[in-house]
Every structure is written in structure tokens, then in C-alpha cells.
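Presented below is the structure to which this report refers.
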Amino acid sequence: MGFPDRYIASIGSTNLLDDALHHQTEPLAAAALAGDIGALLCRVKYADGTLTRQFEGNAGNLAQLLRVWTDEVIRRGRARRWVPENTAWDAQSAQALYRRVAEKSLAHWLDSTCKGCSGTGVKALLGNGICTSCKGSGAAAIHGTAGLELERVKDMVSELSAIADSHSGRASGLLRGGDQ
């Protein structure tokens, strides 16, 4: 059972005792202690109902994550020189690009499941054959963008996955008692 599974189990637990026999709070503590943007990503995706849709999540966490992620995308975009910012118009256009990339990459990372097949990769109605929407991958395509912007969104989705994986690794290390 990986860290996200243990984290989700902790959230859904009816017994949060923390003693020699009960360890349900450990994933919650590890997620908090391994803190960085990964902790916020984990909280929004797994704890606030984004993934399971069983309850209405904390919109404040999502808003905070969007602010933090937008700042991070702006920092990375400038460092990687995605677009020139020589004039006021260039700078304004660059800011608009960074914000669109941040919003679309975060939305896709939080829920990239194909709506046509619910992530199975198989046609929903007949149950046989490959889903035409996702071509069998189970992941939805990124809509409403193309060219440079699409490539940047894909890059940032990959960055979000790397941040979440790194956070999960550190939190798992804390659960094992290692020094991460």
C-alpha cells in the first residue's frame, strides 16, 4: 500500500487513536511533516474530496494551492525563458500565458481521468473495445490549448507529478522512521 492509499485510509478512518495498536494518524502526520508544496497537493487531491468526490472539499486549500502553483509556474517560466518579456506588452502576455498554464496544468493533474470511459480505457456503453476519447489510456486529453501552451501545460503536469511523488517518498520515509 503506497503513501496516497495510506493517507486516504487515514482520512476515512473512524478511529484516529495513536497508540501501540492504532496507527491511523501516522500518514496524516507524515504528510504534514514532509511539508512543501507537495503537502498542499496531497491535501487538495486526496483529503479535500477532489479525487473521491464523496464530500465538498475545502475551497480555501484549492485557492491557496492555485496561488502557490501560479507563482511557481511564473518563476519556472521566467527561469526557462518561455517567452520574451522585453516590452510591457510582452510582459503582460507572458503573465497571461503563465496563469493559463498554471490553471490548466493544475486542473488536469487533479483530475485527468477520461470522462468517456471513467479511466478504464474501454468503451462505456458496450464494455468491449478501446475508448475513442482517450484511445485506451484512461487519461483525458488536455483541451482548449495547443502549440507552445499545450507543451508547457504538459511540462507542468509532469512537474506536479514529480513534486507529489517526491513528497510521497519523503512522507513514506517518515512513516518508516527514516531521516528524509
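A few comments on the model shown:
- Entry comment: accessible area of the range 119-170 is 58 Å² per residue, from protein heavy atoms only and a probe of 1.4 Å.
- Amide H contacts for A139 (H built 1.01 Å from N in the peptide plane; partners 5 or more residues away or on another chain; cut-off under 5 Å): C114.
- Accessible surface of K154 - all protein chains present, 1.4 Å probe, nearest 10 Å²: 100 Å²
- Annotation: R170 carries an accessible surface of approximately 60 Å², with a 1.4 Å probe and no ligand, DNA or RNA atoms counted.
The values are calculated or read from the model by the stated rules, or taken from the named source; none is laboratory data. Here the structure is a predicted model, which means the values were calculated and not measured. These area figures cover heavy atoms from the full protein model, side chains too; ligands, DNA and RNA do not enter into them. Shrake-Rupley method; radii C 1.70, N 1.55, O 1.52, S 1.80 Å.
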